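Take a look at the structure below.
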Amino acid sequence: MTALPTAVRAPLSAPGTLARCRTLVEPALREAVGGLHPWLAEMAGYSFGWCEVGGAPATAPGGKGVRQALAVLGAEAAGADARAGVPAAVAVELVHAFSLLHDDIMDGDATRRRRPAGWKAYGTGPAVLAGDALFALAVDTLAAAPRGPGAVRLLSAALTDLVRGQADDLLFAARPGTGPRRVTPAEYRAMAEGKTGALLGCALALGAALGGASKPAVTALDRAGRHLGVAFQLVDDVLGVWGDPDVTGKPAGGDLREGKKTFPVLVALGSPAGRRLSGLLGSAARAGEAAALIEEAGGRAATLAEARAHTSAARALLAEAAPAGAAAGELDRLLEFLVHRVR
């Protein structure tokens, strides 16, 4: 894919930060998952890419580890040792895995990270149960940590927002593309903050809280993470329409063939070209025509401008939190890497 406008390639230290945090957190994450019922532990391990169906070891592609890195950096931003953020990192990784297991079932997505989704590999009922187990384990992990009760309250608030965002996302699919009941960009923005931003904000806030940060700093970091989450989702929306499948690992124009109401689509649906675009969505044969129409209607430019606005807001809130030591630079580079990623 052509580089996003005004994008700056992040220094290698951003991927290095992800790798450093993963190395710190993964032993604790594996230990926590290993305490589950063996069948549930296997399904969780499959979700994390650690094993195949049946339990044979594997090194399947996993996620970037963004949330666990934010939790560790949140603790370091508070001036604490990185290890103070490990329980928060484990908890948010467990919650993220739980949400993906359930999301794939709700959305009917048969694959996840180029492998059969959990419900396809094990069945719907077992995948729901595995997700429930991961959620319970996340709460238990935080409750056992120093400053645990306050941390559990932060996680509970984020989960409430995450569920609200997911509910809105499901309801959006049934609403028309045009007319008075159409989904507006403002509604989509609020949904993205809940579904994607709430857990990113919670990751930063949890790490900071366990690291002993002040309440104003924790609040500022939570809000920064929420803005980052919206920007992250908006960039995903651009990649879902115009991304190079060799880079993204997803079919070109996949969101258009599925008729998803992403931000660039909603902008274009609200333009004079809206009715014409509405007739193209969901057609595999006309995905290219739909992509061109969305770009012509300003959908791509508006989405990138919105992503830049949320990135700027996140940076301002990070500055307000006054991260200690090297955490400030690492957070800034990680933010740049995530919102201008090509993968």
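The values are calculated or read from the model by the stated rules, or taken from the named source; none is laboratory data. Fair warning: this is a prediction, and the values are worked out from it, not measured in the lab. Every residue, glycine as well, gets a Cβ built from its backbone with ideal geometry; the counts of neighbours run over all protein chains shown.
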Inset, instruction - Could you tell me whether segment 220-240 includes any residue that is modelled with pLDDT under 90 and of a type outside the set (F, W, Y)? - result: yes
Inset, instruction - Could you please find all residues in segment 106-117 being surrounded by fewer than 13 Cβ atoms within 10 Å (Cβ to Cβ) and free of Cβ contacts under 8 Å to residues at least 12 places away in the same chain? - result: G108, A110, T111
Inset, instruction - Please work out which residue is modelled with the highest pLDDT, limiting yourself to segment 308-343 and to residues that are surrounded by 19 or more Cβ atoms within 10 Å (Cβ to Cβ) and not in a helix (DSSP H, G or I). - result: P323
Inset, instruction - Could you please tell me which pairs satisfy a Cβ distance under 8 Å, a separation of 6+ or placement on different chains, a first residue in segment 143-155 that is touching a residue at least 24 places away in the same chain (Cβ under 8 Å), and a second residue that is of a type in the set (D, E, K, R) and buried (at least 20 other Cβ atoms within 10 Å of the Cβ)? - result: L154/D222
Legend entry - Filtered residue count, segment 203-220, keeping only those that are part of a loop (DSSP other than H, G, I, E, B) and without any contact (Cβ under 8 Å) to a residue 40 or more places away in the chain: 1
Legend entry - So D168, is it over 21 Å from L40 (Cα atoms), of a type in the set (D, E, K, R) and at pLDDT below 95: no
Inset, instruction - Would you check if there is a residue in segment 84-91 being in a loop (DSSP other than H, G, I, E, B), modelled with pLDDT of 95 or more, among the aliphatic types (A, V, I, L, M) and under 19 Å from D222 (Cβ atoms)? - result: no
Inset, instruction - Could you please find all residues in segment 281-320 being among the hydroxyl-bearing types (S, T, Y) and over 28 Å from A198 (Cα atoms)? - result: S283
Legend entry - Residues of segment 135-175 satisfying the condition of being in contact with a Lys or Arg (Cβ under 8 Å, 6 or more places away or on another chain) and either of a type in the set (D, E) or in a loop (DSSP other than H, G, I, E, B) (or both): D168, D169, A173, R175
Inset, instruction - Note down all Cβ pairs under 6 Å where the first residue falls in segment 266-285 and is under 12 Å from T184 (Cα atoms) and in a helix (DSSP H, G or I), the second is among the hydroxyl-bearing types (S, T, Y) and at pLDDT 90 or above, and they're at least six residues apart or on different chains. - result: L266/Y188
Inset, instruction - Kindly check whether there is at least one residue in segment 118-130 that is loosely packed, with under 14 Cβ neighbours inside 10 Å, modelled with pLDDT of 95 or more, more than 26 Å from A71 (Cα to Cα) and not β-branched (V, I, T). - result: yes
Inset, instruction - Go through (1) part of a helix (DSSP H, G or I); (2) at pLDDT below 95; (3) of a type outside the set (D, E) and name the single condition K261 misses. - result: (1)
Inset, instruction - Confirm whether V72 is touching a Lys or Arg at 6+ places or on another chain (Cβ under 7 Å) and modelled with pLDDT of 95 or more. - result: no
Inset, instruction - Taking the options A190, A213, A198, name whichever one is of a type outside the set (D, E), in contact with an Asp or Glu (Cβ under 9 Å, 6 or more places away or on another chain) and buried (at least 24 other Cβ atoms within 10 Å of the Cβ). - result: A198
Legend entry - In segment 38-83, residue nearest to L338 (Cα to Cα) [restricted to those that are of a type in the set (S, T, Y) and not in a loop (DSSP other than H, G, I, E, B)]: S47
